[in-house]
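Report on the following structure.
The values are calculated or read from the model by the stated rules, or taken from the named source; none is laboratory data. Keep in mind it's a predicted model, so treat the numbers as computed, not measured. Positions of Cβ are generated from backbone atoms using ideal geometry, with glycine treated the same way; all protein chains shown enter the neighbour counts.
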Amino acid sequence: MTVSTSERLTRAVGSTSRPRGRRLQASGLPWILPALVLGVGLIYYCIGYTVYISGLNWDGASPDPLSVGFKNYLNISHDPVFWKAVWHTAIFFVVTFVVQTALGVIFAVIMHSRIKLAMLYKVIIFVPVVLAPAIMAPVFRQIFAANGQFNSVLSHLGLGFLAQPWIGQESTSLPVIMAITIWQWTGLTFVLYYAAMSQIDQTYIEAARIDGAGNLRVLWSIIWPNLRGTTVSLGILSAIGALKTFDVPWLVTIAGPNNSTQFLGTYIYQMTIQLAHVGYGAALSIILLVVALVMAIILQVVGREKADR
Amino acid sequence: MRFPFKSKTALRSFAALAVAGMAGLGLVACSGGNNQGAAGSATSGTINWWGWTPTNTNEANDFIAAFNKQYPNIKVNYKLVGISDYQASMRPALASNNGPDVYDLQPGAYVQQFGSYAEDLSSTAQSALGSDWKSKISSIAVDGLSSNGKLTAMPVGSTYAGSIWYNADLFKKYNLQPPKTLDEWKQVCQTFASNGVGCFAQGAAQEGFDQDTLQAISNSVEPGYWTKASQGQAKWNSPQIAQTLSIWKDLFTSGIMQKGALGAQQYPDVNNAFLTGKYAMVMMGSWYTQYATQNSMTQALGSAGVAGAKPFPILPMQFPDVAGKGNTSEMFGDADYGLAVASKSKNRAAAETFVKWMTASTNGQQVVANRLDTTSVLKGVSPDFNTIKFVDPALQSGPVNDYLKNASSVDEHRFALLNSDIENAFLAAAQSVASGSATPQGAAATLQQAADAAKANQ
């Protein structure tokens, strides 16, 4: 690695004027101070406070909350709705991540193939990303209602026998939530893969072509391995997104029917706000935080190991 | 880029100031405090009223305009907070010093959760109506808003459920009569289905309306049993409740309940579907009386997205004798909503003036009664039908009058005896039985477990 002339000059000047540590402190600390105070004062304080109230039996309003130690955590371990929410989160993550990745890569490859009206397609694919779930939820409620447009389309296609009350039954409500999420976030996956593909050295692809590799072979052996970093990042984002899922299941199905679209986020809201079990909700929140951290670390480590190979 | 500090001391001073400033800001922002607000003037000032109802802000503004004729120097700002956001919004608002002066309360969970932020209005009621004030207001409305001897809110109106409203035009068109038994109900629904019209609609995704239907069924199985169970004097895991849940399941399997009911919300889905003529019957209570009138029905059709639609007459009917035991399923009710005065209000006296006028004055209650949104609670006040225009006066006037008279004699509670945990258990039981993932007996057992757990937590 080479050191630039300006860097060398700065170091030389620094060495003759003041001790280096003080200079760094003077130039850096005030800049990070507001963020540091906000970070420590708000975020970490709030996490600490949430840990504290997770040990209480409290409705969030009464002046004399009852300390219950780890009882909330113990109760959560026996709570079937919690385990349902965890299971839904896991399925949701796997399905949405795999489908979004596949669609994102396919769309990115197609858009790199110099097709006509590519810009229009890019906009169409990306538009759902910028639409607020609160705006789209009533639309999807209408589309997937028993007498909604989705069933109407099926009937017109001669597939009326497939018509279902999609959000009104346990067997299909979660797939609907996953489909909406995939529709919403595939645009982002596509954009990131599209950008990552632009960074791939064309000489690799040309060399593969000279060696006789076809399109699929190039995609699988050249492009896909070079997208690993993007895939790992998307994996982490998807995992954290799955753990934080709230808006779509809440607005479209109210986490039902019969908890069939219950997620950790919706369950925390129900417990804390609707049922006023603030201590229990706080314990759920801490579990969610720990799971998110562990998942992010695992995905980082796995991604790094594969990248190092 | 450099930061213009000449010395370490100056830097430290800035850092200390910054930290102290941020901490101070945080303290100011976070401190709720428990200070009591000031009384202020009883005849002037500005007060903020937050509520989930009246859902129509025009209605609230009409109340305020009528109030201002008598108290022109008290300005009332009404803020509509959606019922789905009410709990989330009110908790921080009431804990802060910038919350509402007056806010809506409903019997049951809301009184339990937000009653502690309210003034005890017993003395206000006494000053307005005298020492025997309880005898002058519908008792069912007062009971539900009282908690541990404290009157957390004064009732504006009472509301009654357990009834069905039907589209009279559709029944007339297919020459049908309102069903009185389960079999008749099934036959009526078959006729509607064969003509491509939806029969009965309910937002079974929402707890409160499921509970209404279950309580109505239970009153057909054994009148009064539901109330006994709510009071802890009978078990939820009993044959009566199991039968109630079996009949509930039958509504889904026999084609009475609309397809996809478990994914439908009463508002806006079912309400809009009924008002647009897609369904002939809907599970609604006394609050639906307002749509019997020309004005409200026309406004509601506009809100439901039906431009230029012709209002149609709706009529109330008793819930059918679905158990076939000859029991008439009576209605049940509570205070629809009451107005609480926040302890932290800085204009408590003006707030109390407004609450007194709305709840305990003849003028205020007459305005409330004439809207037909909620049933007035002050005895002796009833809707002035000379000023109210029905969609079809000849058809509706008699039945609607009778309906309101019957409702005013109801003495069985709707939500007031149940806490939010048990209400949540009702939703789980209703949905799991309807979807087939639990048996009626199994679901009834979960209701008893929830009741036992709630009792243990008290």
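Taking the criterion of being surrounded by fewer than 20 Cβ atoms within 10 Å (Cβ to Cβ) and either at pLDDT 95 or above or in contact with a Phe, Trp or Tyr (Cβ under 7 Å, 6 or more places away or on another chain) (or both), the residues of the range B:253-262 that qualify are B:Thr253, B:Ser254.
Those residues that are surrounded by 20 or more Cβ atoms within 10 Å (Cβ to Cβ) and within 22 Å of B:Asn58 (Cβ to Cβ), I need them from the range B:378-399; list them, please.
From the range B:378-399, those surrounded by 20 or more Cβ atoms within 10 Å (Cβ to Cβ) are B:378, B:383, B:388, B:391, B:396; that's our starting set.
Scanning the range B:378-399 gives B:Pro383, B:Ile388, B:Val391.
Just one of (1) assigned to a strand (DSSP E or B); (2) under 20 Å from the mean Cα position of the chain (by Cα) fails for B:Gln290. It is (1). On inspection, B:Leu176 passes the criterion of being farther than 20 Å from B:Tyr403 by Cα, surrounded by fewer than 20 Cβ atoms within 10 Å (Cβ to Cβ) and among the hydrophobic types (A, V, I, L, M, F, W, C).
When you check B:Ala29 against the structure, is it at pLDDT below 55, under 41 Å from the mean Cα position of the chain (by Cα) and farther than 21 Å from B:Tyr267 by Cβ, yes or no? Yes: the conditions hold for B:Ala29.
Yes/no per residue for (1) more than 20 Å from the chain's Cα centre (by Cα); (2) surrounded by fewer than 16 Cβ atoms within 10 Å (Cβ to Cβ); (3) within 14 Å of another protein chain (Cβ to nearest Cβ); (4) over 30 Å from A:Met197 (Cα atoms):
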| site | (1), (2), (3), (4) |
| --- | --- |
| A:Leu56 | yes, no, yes, yes |
| A:Asn72 | yes, no, yes, yes |
| A:Pro80 | yes, yes, yes, yes |
| A:Ile91 | no, yes, no, no |
| A:Phe97 | no, no, no, no |
| A:Met119 | yes, yes, no, no |
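Taking the range A:229-264 as the region of interest, how many residues are among the polar types (S, T, N, Q), under 13 Å from the mean Cα position of the chain (by Cα) and either under 11 Å from A:Ile177 (Cα atoms) or in a loop (DSSP other than H, G, I, E, B) (or both)? Walk me through it before giving the result.
Narrowing the range A:229-264 to residues among the polar types (S, T, N, Q): A:230-231, A:233, A:238, A:245, A:253, A:258-262.
Applying the additional criterion that residues be under 13 Å from the mean Cα position of the chain (by Cα) yields A:231, A:233, A:238, A:245.
Right, trim to either under 11 Å from A:Ile177 (Cα atoms) or in a loop (DSSP other than H, G, I, E, B) (or both) and you get A:245.
Counting residues in the range A:229-264 that are among the polar types (S, T, N, Q), under 13 Å from the mean Cα position of the chain (by Cα) and either under 11 Å from A:Ile177 (Cα atoms) or in a loop (DSSP other than H, G, I, E, B) (or both) gives 1.
Contact map, the range B:417-434: first residue within 16 Å of B:Asp334 (Cβ to Cβ), second residue modelled with pLDDT of 90 or more and of a type in the set (Val, Ile, Thr), Cβ cut-off under 8 Å, separation 6 or more or different chains; pairs are B:Leu417/B:Thr227.
Taking the condition at pLDDT 90 or above, of a type in the set (D, E, K, R) and out of contact with any strand residue (DSSP E or B) (no Cβ under 9 Å at 6 or more places or on another chain), does A:Arg228 pass? Criteria met by A:Arg228. Residues that are facing chain B (nearest Cβ under 8 Å), within 21 Å of A:Val68 (Cβ to Cβ) and of a type in the set (A, V, I, L, M, F, W, C) within the range A:235-278 comprise A:Ile273, A:Leu275, A:Ala276, listed in sequence order.
Could you tell me which of the residues A:Ala134, A:Ala145 is surrounded by 12 or more Cβ atoms within 10 Å (Cβ to Cβ), within 29 Å of the chain's Cα centre (by Cα) and among the small types (Gly, Ala, Ser)?
Values: A:Ala134 fails: surrounded by 12 or more Cβ atoms within 10 Å (Cβ to Cβ).
So the residue among A:Ala134, A:Ala145 that is surrounded by 12 or more Cβ atoms within 10 Å (Cβ to Cβ), within 29 Å of the chain's Cα centre (by Cα) and among the small types (Gly, Ala, Ser) is A:Ala145.
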